[in-house]
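The values are calculated or read from the model by the stated rules, or taken from the named source; none is laboratory data. Note that the structure is a prediction, hence the values are computed from the model and not measured. When we count neighbours, we look across all protein chains shown, and the Cβ atoms used for this are built from the backbone with ideal geometry, even at glycine. Surface accessibility is based on the protein's heavy atoms, side chains included, excluding ligands, DNA and RNA. Shrake-Rupley method; radii C 1.70, N 1.55, O 1.52, S 1.80 Å.
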Amino acid sequence: MDVEKKDEQPLRSPHLPHDQSRKRKRRRCIIICSSVIAVILVIALILLILALTVFKAKKPVLTVNSVELQDFGVSVNPIPIQVSLNMSLALDISIENPNKVGVKYRSSSAILRYKGKDVGEVPIPAGEIGSDTTKQMNLTLTVFADRLLSDSNIYGDFLSGNLPFTTYTKIKGKVRVLFVHIHVSSTSTCDVNIDIQSRSIANQTCQYKNKI
């Protein structure tokens with residue numbers, strides 16, 4: 001009696017569909033993660049390019065437009081020798097912000113010096129300069145007569161008819177480039193000579209220093 005033979009079927013792993021599903025999910029996850037990383041890298045590259053070009057931090061430019069003798073009064077008593085002095089300088093300065101973002105600067109001061117010694121000062125309150133904007137300031141430096149007259153060199157300068165002074169102004173601020181704050185500063189130093197006889201400024205020489 002012939003026994004009917006059943007067709008032999010190949011054995012199939014019961015876990016095969018599940019493994020394929022896991023592989024598809026893993027592949028999909030890799031594609032998504034790669035796409036996200038690529039987008040982040042592109043955005044970072046664009047921000048870096050902007051930070052190095054358009055939004056690159058630039059130094060503010062402080063310029064002394066003029067120094068004028070606003071008030072001047074002097075008298076000398078020969079016996080005993082005594083000098084009375086009343087003097088103030090009008091300082092016209094401008095600060096240019098060449099950046100594409102605003103610059104916030106801290107409170108500072110303009111200083112009047114006589115041979116390295118501070119003999120006058122005027123405060124500069126904190127503020128902000130808009131992008132691509134120039135801010136102008138008019139300051140009045142008044143001499144502290146007691147400080148000036150305590151210097152013995154002043155009497156020789158009075159007799160020569162020439163008083164040498166130096167104005168010193170420094171502005172410190174910060175620029176925000178994207179997510180980074182960069183500190184900047186600008187300094188001006190002006191040497192001025194006052195002619196006592198004509199009661200005017202004989203000459204003026206200024207030097208500037210800007211840094212990041």
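When the residues of the stretch 164-207 are narrowed to those that are part of a loop (DSSP other than H, G, I, E, B) and free of Cβ contacts under 8 Å to residues at least 40 places away in the same chain, which ends up farthest from VAL74 (Cα to Cα)?
So the residue we want is PHE179.
One residue stands out among those in the stretch 146-183 that are in contact with a Phe, Trp or Tyr (Cβ under 7 Å, 6 or more places away or on another chain) and within 14 Å of ASP118 (Cβ to Cβ): the one that is surrounded by the most Cβ atoms within 10 Å (Cβ to Cβ), which is PHE165.
If I ask for residues that are modelled with pLDDT of 90 or more, open to solvent by 50 Å² or more (accessible area, probe 1.4 Å) and under 16 Å from the mean Cα position of the chain (by Cα), which ones from the stretch 118-135 would you list? Answer for the stretch 118-135, where residues must be modelled with pLDDT of 90 or more, open to solvent by 50 Å² or more (accessible area, probe 1.4 Å) and under 16 Å from the mean Cα position of the chain (by Cα): PRO125, ALA126, GLU128, THR133, THR134, LYS135.
Based on what the data block shows, is VAL67 at pLDDT 85 or above, surrounded by 12 or more Cβ atoms within 10 Å (Cβ to Cβ) and more than 23 Å from PHE179 (Cβ to Cβ)? Criteria met by VAL67. Look at the stretch 126-150: where a residue is in contact (Cβ under 8 Å) with a residue 40 or more places away in the chain and closer than 23 Å to LYS59 by Cβ and a partner is of a type outside the set (Phe, Trp, Tyr) and assigned to a loop (DSSP other than H, G, I, E, B), sitting 6+ places away or on another chain with Cβ atoms under 7 Å, you get ILE129/GLY102.
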